[in-house]
Amino acid sequence: MFEKENLPKFIVFAILLVMGLVMIFAVREDSPTSDEPPHILSGYVALKYGHNYIDPEHPLLVKTVAASPLLFQNIKVNLADPNYQLQEKDLDIGRMFDTSRRFMNYSGNNPEQILFSTRIVMIFLTLVFGVVVYLLARKLFGETVAVVAVFLYATEPNILANGSLFNTDMGATGFVLLTTLALVHYSQRQTLKRLIFLILAITLTILTKFSTFYFVPLVILFIWYFNRDNKLRLIQHTSLLVFGSLALVSIFYGLISFRNLGFAGFVPTIFFKGLGMIFHSVSNDKRFSYLLGESYFGSKPQYFPILLLAKTQILTLIGFVTSLILIYLNKLSIDRKNLSILLLPTGCFFLLALFSTFNIGVRHILPIYPVLIILAAAGFVALFRFFAPRLVWKNVSIVLVVGFLTIFGLRVYSITSTYPHFLSYYSLVFGGTDNGWRVANDSNYDWGQDVKRLADFVQRNKIKSLAFDNYTGMYAARGYYKLPVRQISPGEKNYKGYVALSTSVLTYHENQP
């Protein structure tokens, strides 16, 4: 018999089930985005051959987990490709990308099957992280806030988009959230059991994306604070965290690399090499970007604040600001330690992003989204609880009814009106999805995901030749979808016929001579 106390869990299950279905149907027509082929190749050859050196800029955990279904398929890799062999001793990013794109349809490999198999795992992980959202929100604010938080999570386009792709951003987001949950538990009681949970969570986080390494000193800082009155436990727990996470990283890379390197694989040199590469890249690598009509190389401090405002559901932002105001006014109760655990890592991560040297997507600040969402949910629920008893008509709270219908209606409208183009979502305040590319491009809007839809259009309309330029999709157009394309540049003036230009190419030429 169904018990009333299980109703919130049933609602959460239903929300996540619908979320998963929406993601599956939305992404099935997406062609490979720029970073997916290298991640897929990296994860697969690490599992199959113990080769841990492909795509070293990203740790192996999520890549190997998502690539695991490929072990049960007849996937072939051209290990004799000189560009593949080069990667072990002399990483070349351009050649790595070329090799990985050729791998997708090498010797009978089916790129559609490979993509779908790996993306399904990422979607499943995203749903699991939705459960973590529920657990953390319930721990901090109670059952009602937890259910609302899961609904906001399931209807946030950035989550739906990046959670559907074989990429490391959503994995990092979920494991950062898991580490936050572990920290909240540890803050209550500094037991060995809770420390082990924290060590596992932080290890999973840094094994997913190197940019999350900032969390390690913050976790140590929290350990020091929580154990400030017990110096012996402070030293013990700090040491266990540092050496325990290092040991787990070594064991993971050793198990992956043993077939290729033997026991030497348990010394995770490739992990620390990748970590060094990312720190160097974030400090020195000035890539092309575009913001509000200006193309440039490097970064602008206003890039991520503008992207956060432009690509986040307006209700999420309103709810987040509301919660901060209510907390300040003591109208929303949260333990100060827990508030610090939520806001300090989030704020540090956002500030670090402002000082990075390249601006290529809001996905790089995706780990802050669950915190925004949980606090937004808490803000809305606190607001409704405050006004609900004051506006009642025939024993029905007008605030609850209107508030629920408003949030539900606006969130669902945003999703249905954007489907299936969640990656390209922009708030109506910034011109909506159709005009979002004029705000910022790259992985915010046009990441090569529409080449398959272009192929369907060309086939339906029986187009025999097509001038085409897409900074990520040329190989997919020719190799996967057999489009009759030839390269063209926006500067070409004499061509007559059908033309397909990526918006990323258009923005690149915005300020070019």
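Here are the numbers for the structure shown:
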item: Calculated FRET value between Ser107 and Tyr495, using beta carbons and R₀ = 30 Å, to 0.05; result: 0.30
item: Straight-distance crosslink candidates among lysines, where the alpha carbon sits under 26 Å from Lys496 and sequence neighbours closer than 8 are dropped; result: Lys452, Lys462, Lys464, Lys482
item: Whole-number D in µm² s⁻¹ for the chain, Kirkwood Cα-pair radius fed into Stokes-Einstein, 37 °C, 0.692 mPa s; result: 135 µm²/s
item: Gyration tensor (alpha-carbon) shape descriptor, region 117-253, a/c threshold 1.5; result: oblate
item: Reachable lysines, given that their alpha-carbon falls under 24 Å from the alpha-carbon of Lys9 and they are not under 8 places away in the same chain; result: Lys139
item: Local electrostatic count, Ile114, Cβ distance below 15 Å [Lys/Arg +1, Asp/Glu -1]; result: +4
item: Accessible-area value, Leu17, 1.4 Å probe, nucleic acids and ligands omitted, Å²; result: 90 Å²
item: Accessible area of region 248-310 divided out per residue, in Å², using a probe of 1.4 angstrom; result: 51 Å²
item: Val18, Val150, ranked by accessible area, largest first (probe 1.4 Å); result: Val18, Val150
item: Accessible-area ranking of Trp447, Trp224, Trp437, largest first, probe 1.4 Å; result: Trp224, Trp437, Trp447
item: Additional length obtainable on full extension of the chain from Arg478 to Leu135, 0.36 nm per residue less Cα span; result: 118.9 nm
item: For Thr322, solvent-accessible area (1.4 Å; no DNA, RNA or ligand), Å²; result: 30 Å²
item: Relative contact order, percent, the chain [alpha-carbon distance under 8 Å, six or more residues apart]; result: 18 percent
item: Relative packing of peptides 262-274, 135-147, 372-384 - highest average C-beta neighbours within 10 Å first; result: 372-384, 135-147, 262-274
item: Average accessible surface area per residue within region 169-232, 1.4 Å rolling probe, Å²; result: 37 Å²
item: Kyte-Doolittle mean at least -0.5 and Cα axial length at least 18 Å: DSSP H helices in the chain; result: 7-27, 36-49, 111-141, 169-188, 192-206, 231-261, 269-284, 314-328, 336-354, 369-387, 398-418
item: Assigned charges on the beta-carbon of Lys, Arg, Asp, Glu; the chain dipole about Cα centre (debye); result: 780 debye
item: Charged-residue dipole, Cβ positions (Lys, Arg, Asp, Glu), region 212-302 about Cα centre, Debye nearest 20; result: 100 debye
item: Global geometry of region 202-361, whether rounded, prolate or oblate, following the gyration tensor of its Cα atoms and the 1.5 cut on a/c; result: oblate
item: Within the accessible area of the chain (1.4 Å probe), percent carbon and sulfur; result: 65 percent
item: Mean accessible surface per residue for region 1-143, computed with a 1.4 Å probe while every protein chain stays in place, in Å²; result: 43 Å²
item: Glu5 - accessible surface, heavy atoms, 1.4 Å probe, Å² rounded to 10; result: 110 Å²
item: Three-way shape call for region 156-224 based on the alpha-carbon gyration tensor, with the a/c threshold at 1.5; result: prolate
item: FRET E, pair Ser417, Ala14, Förster distance 35 Å, beta-carbon r, rounded to 0.05; result: 0.95
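The values are calculated or read from the model by the stated rules, or taken from the named source; none is laboratory data. Everything numeric here is computed off the predicted structure, so don't read it as measured data. Positions of Cβ are backbone-derived with ideal geometry, glycine not excepted, and every protein chain shown enters the neighbour counts. Accessible surface is based on the protein model in full, side chains and every heavy atom, while ligands, DNA and RNA are left aside. Shrake-Rupley method; radii C 1.70, N 1.55, O 1.52, S 1.80 Å.
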